[in-house]
Amino acid sequence: MLVQDVMNVAPITVDPQTPLLEAARRMQVRGFRHLPVVEGQTLVGILSDRDIKRAMPSDATTLSAGEIGHLLTCQPVREIMTRTVITTGPMLPIEEAARLMVTEKISALPVTNAGRLVGIITETDVLGIFARAMGVGEPTSRLDVALPPRHTALGELVRLIEEAGTTVASLLTLPGPWGATEAIVRIRSMDPRPAVRALEGKGYVVRMQWPR
């Protein structure tokens, strides 16, 4: 799956001259934490809820509520936006976009094509894809299985589950806590016991099953 398959293709944006108060209002009404800043269709910055909080006067200010409101109305987005924006492209694999978010400690990536904003992808979008990939919300059972080191283990695991009378809905492998590979398997059955017995009968260690 690629970024273009997940991204919001019609992101809410502001231009650099938009008053900060108006930008904050749009974010609040829409429930957004980031607004791309564009001139025409060219991305020139990004505004986050943290940028807005930093621009707000501190609790120790002597300004009146009216003065604060006037300040925020006059201050344009361009004065506080982040100008160096980390972006991604529409053809990047979704897992690479997720890696970029984790590495850079950011929760949104504007998607650009030749400098033109074509969408935005957020951590919520990535988590939604992860949940779908794991079969969350479907009538399935989950098995955490420690894989032996032999190279045929994964194929054998799938075969044993199918021979036990069910099928694999999703499968993900990750490094386990002790260095061994662990398979997180969702099977299309609410009763995982036949699959567990089949796996354990061949020496697999099923560390967790859900439902129990």
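The combined condition, being under 21 Å from the mean Cα position of the chain (by Cα), modelled with pLDDT of 90 or more and either more than 30 Å from Ala133 (Cα to Cα) or of a type in the set (Lys, Arg) (or both), is fulfilled by Leu47. Flag: Thr140 matches the condition of being modelled with pLDDT under 90, surrounded by 16 or more Cβ atoms within 10 Å (Cβ to Cβ), more than 30 Å from Pro36 (Cβ to Cβ) and among the hydroxyl-bearing types (Ser, Thr, Tyr). So is Val3 within 28 Å of Asn113 (Cβ to Cβ), of a type in the set (A, V, I, L, M, F, W, C), buried (at least 16 other Cβ atoms within 10 Å of the Cβ) and at pLDDT 85 or above or not? Judged against the criteria, Val3 is a match.
Quick grid of which residues meet (1) at pLDDT 95 or above; (2) exposed (fewer than 14 other Cβ atoms within 10 Å of the Cβ); (3) among the acidic types (Asp, Glu); (4) under 9 Å from the mean Cα position of the chain (by Cα):
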{"position": "Lys105", "(1), (2), (3), (4)": "no, yes, no, no"}
{"position": "Asn113", "(1), (2), (3), (4)": "no, no, no, no"}
{"position": "Arg116", "(1), (2), (3), (4)": "no, yes, no, no"}
{"position": "Val126", "(1), (2), (3), (4)": "no, no, no, yes"}
{"position": "Ala133", "(1), (2), (3), (4)": "no, no, no, no"}
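Taking each residue of the stretch 146-157 that is in the same structural domain as Ala183 (by TED's automatic domain parsing) and looking for partners that are in a helix (DSSP H, G or I) with beta-carbon atoms closer than 8 Å, six or more apart or interchain, yields Leu147/Ala153; Leu147/Leu154; Leu147/Leu157; Leu157/Leu199. Please verify whether Gly203 is of a type in the set (Gly, Ala, Ser), exposed (fewer than 13 other Cβ atoms within 10 Å of the Cβ) and out of contact with any Gly (no Cβ under 7 Å at 6 or more places or on another chain), treating the condition exactly as stated. So Gly203 fits the description; yes. Residues in the stretch 122-139 include at least one that is farther than 29 Å from Leu92 by Cβ, of a type outside the set (A, V, I, L, M) and either free of Cβ contacts under 8 Å to residues at least 12 places away in the same chain or not in a strand (DSSP E or B) (or both). For the list (1) in contact (Cβ under 8 Å) with a residue 60 or more places away in the chain; (2) out of contact with any helix residue (DSSP H, G or I) (no Cβ under 8 Å at 6 or more places or on another chain); (3) in the same structural domain as Ala10 (by TED's automatic domain parsing), I need the number of the one condition that Thr103 fails. Among (1) in contact (Cβ under 8 Å) with a residue 60 or more places away in the chain; (2) out of contact with any helix residue (DSSP H, G or I) (no Cβ under 8 Å at 6 or more places or on another chain); (3) in the same structural domain as Ala10 (by TED's automatic domain parsing), Thr103 violates only (1).
The values are calculated or read from the model by the stated rules, or taken from the named source; none is laboratory data. Remember, predicted model here, so these are calculated numbers, not experimental data. Positions of Cβ are backbone-derived with ideal geometry, glycine not excepted, and every protein chain shown enters the neighbour counts.
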